[in-house]
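S.K.: My structure is below; once you've seen it, I'll send some questions.
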């Protein structure tokens, strides 16, 4: 069924299709994260990033062929485009580095704070008005991050700081995505993938390891899984309101716990669970208040993740 045919369906069916695609997309992203954690245990982050990017072109090539190559070179605000690519690549590299040492659920907790960072940064970089209720929710959300971060000298780890840096890079790249909303999704994702390809190759040169056919396939599949998740979530956002889909983002945290327990035997402790709960509550409140104040749909739903 084509996108135009889908639009002719009753609104309730479109909403249901959007919800299902969003849930599937989040599942695919969580699977991508679990596969990445498994691979970086044996291979360098640069090598995984490089081969993953090659695999992503299995999904991107037909999209580029359909769009044409001209939009790839006629870019709005090239400086911001380059900065976005660097931040998006840093986000992925920091994520894979963090999951080498931390449970999936722990790292995902920091990334679930993305909407909180975005709400705060939108006021600074986009001049968007943020009322006192949302500022209060932002403050509460940061308290949740602090609880999850464990900022004592005995427990603060470099891996936690990598996860925090990755989530901050993710949030700023989302701000830039909003500034570059005139650029097509295919162009944004293509240059993001090229950036990861180049930086992954540079990082991998000094630590390239021979891989088995199974591991080569897994690294390529990582790109296919990630690309498929991008497509599912992009289509979901065209079929259903963002305010309906936004809370479903937090199923990523649920899947991170499930995959962490099932494949790595990692159970989040009470402090991480408390921090996660506070972050989720604050994020959902921010989405709710934005919808109320704007009388429309919030546009700070993350569209590009690892």
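We did not get these values from a lab; they are worked out from the coordinates using the rules stated. Here the structure is a predicted model, which means the values were calculated and not measured. Cβ sites come from the backbone with ideal geometry, for glycine too, and all protein chains shown count toward neighbours.
S.K.: Using the per-residue mean of other Cβ atoms lying within 10 Å as a proxy for protection, in what order, highest first, do the peptides 271-281, 170-180 fall?
M.R.: The peptides rank, most packed first, as 170-180, 271-281.
S.K.: Defining a contact as two alpha carbons under 8 Å apart and six or more residues distant in sequence, what relative contact order in percent does the chain show? Let's see the in-between values first.
M.R.: Details: 425 pairs, mean separation 126.2, N = 306.
Value for the chain: 41 percent.
S.K.: Can I ask one more? Could you state the number of Å between the C-alpha centres of region 250-277 and region 178-246?
M.R.: If you average the Cα positions of each part, the centres end up 23 Å apart.
S.K.: As a check on your grasp of the helix formula, calculate [θ] at 222 nm for the chain: sum -39500 (n - 2.57) over DSSP H runs of n ≥ 4, divide by the residue count, round to the nearest 500. Don't jump to the answer; show the numbers that get you there.
M.R.: Numbers: 14 runs with 233 residues, N = 306.
Estimated from H runs of four or more residues: -25500 deg cm²/dmol.
S.K.: Would you give the gap between the C-alpha center of region 86-116 and the C-alpha center of region 155-175, rounded to a whole Å?
M.R.: So the separation of the two Cα centres works out to 6 Å.
S.K.: Going highest first, how would you order 216-225, 129-138 by mean Cβ packing within 10 Å? Mind showing how you got there, number by number?
M.R.: On the way: 216-225: 19.7, 129-138: 15.7.
Taking the mean over residues of other Cβ atoms within 10 Å, the ranking is 216-225, 129-138.
S.K.: Sort the following peptides by mean Cβ neighbour count (other Cβ atoms within 10 Å, averaged over residues), highest first: 49-59, 98-108. Don't skip to the end; give the middle numbers.
M.R.: Details: 49-59: 23.1, 98-108: 24.7.
With the highest mean Cβ count within 10 Å placed first, the list reads 98-108, 49-59.
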